[in-house]
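Here is the structure we will look at, set down as C-alpha cells.
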Amino acid sequence: MAIRKLQLWLQLTRSHGIIRRYFVVNGFDGALTMLGLITGFYLSSQAVLEVVISACLGAAIALAISGVSSAYLSETAERRKALADLEEAMVADLSESAHANAARVIPLLIAIVNGAAPLLMSLIIISPLLLVQSGVEFSPDPLLIAITTAFFCIFGLGAFLGNIGGTSWWLSGIKTMAIALTTVVLILLIEQ
C-alpha cells in the first residue's frame with residue numbers, strides 16, 4: 001500500500017528524474033571530495049590513518065547534512081508553490097488530496113536521497129581505510145586503494161548516467177573518470 005502511494009506521488013510530481021539527478025550530482029560531489037581529500041593526504045606522505053578517516057568522515061557527514069537540509073528546504077518550497085498553483089488553477093482546496101500528500105512526502109524523499117548519496121559514496125571510498133583501522137592488512141598503501149575505489153565509484157556514476165541517457169555507458173564512465181583525473185592532476189600541480 002505504501003509503495004503504491006509513493007509511486008503515485010512520484011508520478012504526480014514527476015520526481016523520478018529529480019531523484020536520479022540528485023543522487024548522481026551529490027554522489028559525484030561526495031566521490032570527488034573524498035578523492036581530493038585522500039589524494040591530498042597521500043601526497044603529504046605523513047598522513048596518520050586516524051586523521052585521514054576523521055577528516056573524510058567529517059566531510060562526508062557535512063555533505064550529507066548539507067544535502068538533506070538544502071534539498072528539503074528547496075523542494076518543500078517548490079512543492080508548496082506547485083500545489084498552490086494547482087489549487088488556484090482548479091479553484092479548489094487540495095489540502096487533503098494525493099497532490100497535497102505528495103507535496104509533503106516527496107521533498108523528504110528527495111532530501112534523503114540527496115544526503116545519502118554523498119555519504120554512501122564517501123563510505124564506499126574510505127572503506128579500505130576503515131578496514132585497515134579494524135586490523136585488516138593491505139599490501140599496497142590503503143590510501144592508494146581508496147583513491148582507486150574513488151575512481152571506480154566515479155566511473156560507476158558516469159556509467160549510470162550513460163545508461164539513463166541511452167548513450168554509451170562506457171563512454172560516459174570514461175568522461176567522469178576524466179573529470180576525476182583532472183581533479184587529481186590539479187591537486188598534484190598545486191602541491192608542487
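The values are calculated or read from the model by the stated rules, or taken from the named source; none is laboratory data. Fair warning: this is a prediction, and the values are worked out from it, not measured in the lab. Backbone-built Cβ (ideal geometry, glycine too); neighbour counts: all protein chains shown. These accessible areas exclude ligands, DNA and RNA; they are computed on the full protein's heavy atoms, side chains included. Shrake-Rupley method; radii C 1.70, N 1.55, O 1.52, S 1.80 Å.
Worth pointing out:
- A protection proxy built from the mean count of other Cβ atoms within 10 Å ranks the segments 86-98, 110-122, 165-177, most packed first, as 110-122, 165-177, 86-98.
- Average silhouette area of the chain, convex hull of alpha-carbon atoms, in square nanometres: 13.8
- Net charge, Lys81 excluded, C-beta distance under 12 Å - Lys, Arg +1, Asp, Glu -1: -3
- Per-residue Karplus couplings for the range 171-179, computed as 6.51 cos²θ - 1.76 cosθ + 1.60 with θ equal to phi - 60°, are listed in order as 5, 5, x, 5, 4, 5, 5, 5, 5 Hz, Gly and Pro entered as x.
- The range 1-77 - Kirkwood radius from inverse mean 1/r over Cα pairs (Å): 14.8
- Peptides 182-192, 30-40 ordered by packing proxy, namely the average of other Cβ atoms within 10 Å per residue, highest first: 30-40, 182-192.
- Relative contact order [Cα under 8 Å, 6+ residues apart], the chain, whole percent: 31
- The residues of the chain present an accessible area of 57 Å² per residue when probed at 1.4 Å with all protein chains retained.
- For the range 121-131, putting each phi into the Karplus relation 6.51 cos²θ - 1.76 cosθ + 1.60 with θ = phi - 60° gives couplings of 4, 4, 5, 4, 5, 8, 4, x, 5, 5, 5 Hz, in residue order, rounded to whole numbers and with x for Gly and Pro.
- The range 105-192 shape via C-alpha gyration tensor axes, a/c threshold 1.5: oblate
- Cβ-defined net charge surrounding Asn114, 12 Å radius [Lys, Arg +1; Asp, Glu -1]: 0
- For the range 38-147, carbon and sulfur atoms together expose 65% of the accessible surface, with a 1.4 angstrom probe and every protein chain in place.
- Neighbourhood charge, 14 Å Cβ-Cβ cut-off, centred on Gly162 and excluding it, Lys, Arg +1 and Asp, Glu -1: +2
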